[in-house]
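Report on one structure; see the data block that follows.
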Amino acid sequence: MTDTERSALLQAFEIFNNFEKAFVGIAYYAGLRRNEILALTVDDVDLDNRTISVNKTLVADIRGHAIVQNHPKTKAGVRTVVICERLSDILTEYLSTIKDSDNRMFVTSQGNNVSTTTFYYRWKATLKKINKYMPDNQSTAITPHYLRHNCATDLIYAGVPLKSVQYMMGHENIDMTLSIYTDIRMDNESVIQTMNNFWK
């Protein structure tokens, strides 16, 4: 994400509906995959310990209906992700609005799982809100995967160890994590400061 896109997205939280705010919040601040988010239940969120348990994903059955698969994309996808204070606040507010009896966090107005087609239209509406805050004659077409990528990149900039980033992203090996950062700029001043602090 560019700085302009990031700014627009953060401003759009003011006009997101509850679904959008929670979904974008989890993707942006915790880096979960789209279908991992859509499969979450209330029980997966531990606000006391500020964690999200990732243990399933949403898939399509042979008829194209969205169903919950009781394991994520890969073995490494089973993980407990820590969440920041900002996301904890977003989820505290969102969970107070959930009335679904089976504890699913993200459902349609009819109480069904969110299909790929339904999500496409919802994301289109989300982008429209983000684009309200983009400069004139500019627009963005970011996807949930952009937010996941951005989260991983931010974790690296924040100084989170690479192995911890690998775990949080649910990558099977470190090479998958490393391949994300080929476009990260080299901030020489920051590197020098870090080295000086370590070896002083």
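Just so it is clear, none of the values below were taken in a lab; they were calculated from the coordinates. Here the structure is a predicted model, which means the values were calculated and not measured. Virtual Cβ from ideal backbone geometry, glycine too; neighbours counted across all protein chains shown.
Would you mind ranking 36, 85 so that the residue whose beta carbon has the fewest other beta carbons within 10 Å leads the list? Could the numbers behind the result be given before it?
Values: 36 26, 85 9.
Neighbour counts put them in this order, fewest first: 85, 36.
Multiplying the residue separation of residue 162 and residue 196 by 0.36 nm and subtracting their alpha-carbon distance yields 10.2 nm.
Each residue of the stretch 40-56 is assigned a 3J(HN,Hα), and the resulting list reads 5, 10, 4, 5, 6, 9, 10, 6, 5, 9, 6, 9, 10, 8, 9, 9, 7 Hz, derived from the Karplus form 6.51 cos²θ - 1.76 cosθ + 1.60 (θ = phi - 60°), x at Gly and Pro. Counting only residues at least eight positions apart within a chain, or on another chain, the aspartates and glutamates with an alpha carbon under 18 Å from that of residue 163 are 154, 172, 175.
Springs join every pair of Cα atoms under 10 Å in this Gaussian network model of the chain, and among 82, 59, 160 the largest mean-square fluctuation is at 160.
With a 10 Å Cβ neighbour count serving as the proxy for reagent exposure, in which order, fewest first, do 176, 169, 1 appear?
Values: 176 14, 169 23, 1 18.
Ascending number of Cβ neighbours within 10 Å: 176, 1, 169.
Each Lys or Arg adds one and each Asp or Glu subtracts one; over the other residues with Cβ under 14 Å from the Cβ of residue 73, this totals +4. For Rg and Dmax of the Cα atoms in Å, computed directly from the structure shown, the correct entry in (i) 15.2, 44; (ii) 17.3, 52; (iii) 17.7, 63 is (iii).
Pairs 99/128; 56/99; 73/132; 21/128: which exceed 25 Å Cα-Cα?
99/128; 73/132
Subtract the Cα-Cα distance of residue 85 and residue 137 from 0.36 nm times their separation in residues, and report this length gain in nm to one decimal.
Gain in length upon complete extension: 15.3 nm.
Between 22, 125, 30, the Gaussian network model of the chain with springs among Cα atoms under 10 angstrom shows the greatest mean-square fluctuation at 125. Once both labels are positioned 7 Å from their Cα atoms along Cα-to-Cβ, the gap between residue 74 and residue 173 label points is 0.9 nm.
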